[in-house]
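The values are calculated or read from the model by the stated rules, or taken from the named source; none is laboratory data. These figures come from a predicted structure and were not determined experimentally. Note that each Cβ is placed from the backbone with ideal geometry, even for glycine, and that neighbours are counted across all protein chains shown. In case anyone asks, the SASA skips ligands and DNA or RNA and just uses the protein heavy atoms, side chains included. Shrake-Rupley method; radii C 1.70, N 1.55, O 1.52, S 1.80 Å.
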Amino acid sequence: QPLKINDRHATKKDYLESSLNGALKFKPLVDRVLKMYASEYPDIQRYPTVDTDFIIALIGQESGGRNICSPKAACGLFQYIPSASREEGLKVTKYIDDRNDPERAARAAIKRIILSTIKFQSAEFAAASYNAGYVKLPDVEERPWIFDFWNERHRYREETRKYVPEILARRRAL
């Protein structure tokens with residue numbers, strides 16, 4: 001669940017700054033994980049938009065850098081739901097929840113963003129797939145080179161249409 005504008009965050013600007021400041025605490029972790037995956041997935045170098053700032057923006061949007069759980073059971077910095085967690089190899093049991101481990105969650109989320117970016121050939125579609133799930137982008141998956149997120153966004157639910165510009169705006173604010 002994204003942070004809400006409330007008494008602590010009187011304006012959209014305050015809300016944005018607060019969520020990014022919380023996320024920036026994890027910059028060393030993000031840098032380390034991105035570096036770890038750079039040699040494993042060299043194709044990611046073709047997409048310079050997917051960098052530390054992009055991942056920090058994602059954390060800012062998802063959790064504001066707080067290890068929280070939403071009413072929809074999404075937990076941790078990257079707000080993984082249980083089914084997506086298991087798909088990414090994170091353990092979610094009665095006693096263990098890797099979504100709340102920043103290192104494990106960062107490895108899973110960053111790998112997913114990297115693979116989505118390579119697969120969809122676009123940081124925008126990678127963010128959309130992070131929000132909506134892989135199955136929600138079937139046409140793009142089949143022919144990514146002919147799609148532009150901004151021309152295709154009407155095909156996705158409202159949450160995803162808003163999510164991508166939010167991530168890009170947060171990245172730019174960094």
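Observations on the structure shown:
- Each residue in the stretch 66-90 was checked for being open to solvent by 40 Å² or more (accessible area, probe 1.4 Å) and without any contact (Cβ under 8 Å) to a residue 40 or more places away in the chain, and 9 of them qualify.
- Members of the stretch 21-52 found to be over 19 Å from residue 127 (Cβ atoms), among the polar types (S, T, N, Q) and without any contact (Cβ under 8 Å) to a residue 40 or more places away in the chain, listed by number: 39
- Members of the stretch 91-105 found to be surrounded by 13 or more Cβ atoms within 10 Å (Cβ to Cβ) and in contact (Cβ under 8 Å) with a residue 60 or more places away in the chain, listed by number: 102
- Filtered residue count, the stretch 48-57, keeping only those that are buried (at least 18 other Cβ atoms within 10 Å of the Cβ) and farther than 12 Å from residue 27 by Cα: 1
- Matching option when the condition is touching a strand residue (DSSP E or B) at 6+ places or on another chain (Cβ under 7 Å) and not in a loop (DSSP other than H, G, I, E, B), among 99, 112: 99
- The stretch 106-117, residues that are touching a residue at least 40 places away in the same chain (Cβ under 8 Å) and of a type in the set (A, V, I, L, M): 106, 109, 110, 113, 114, 115
- Among residues of the stretch 150-174 that are surrounded by 16 or more Cβ atoms within 10 Å (Cβ to Cβ), those with a Cβ under 9 angstrom from a residue that is at pLDDT 85 or above and outside any helix (DSSP H, G or I), sequence gap 6+ or separate chain, pair up as 171/51.
- Selection within the stretch 15-30 - in a helix (DSSP H, G or I) and open to solvent by 60 Å² or more (accessible area, probe 1.4 Å): 17, 21, 24, 27, 28
- Qualifying residue in the stretch 97-118 (condition: at pLDDT 85 or above and hydroxyl-bearing (Ser, Thr, Tyr)): yes
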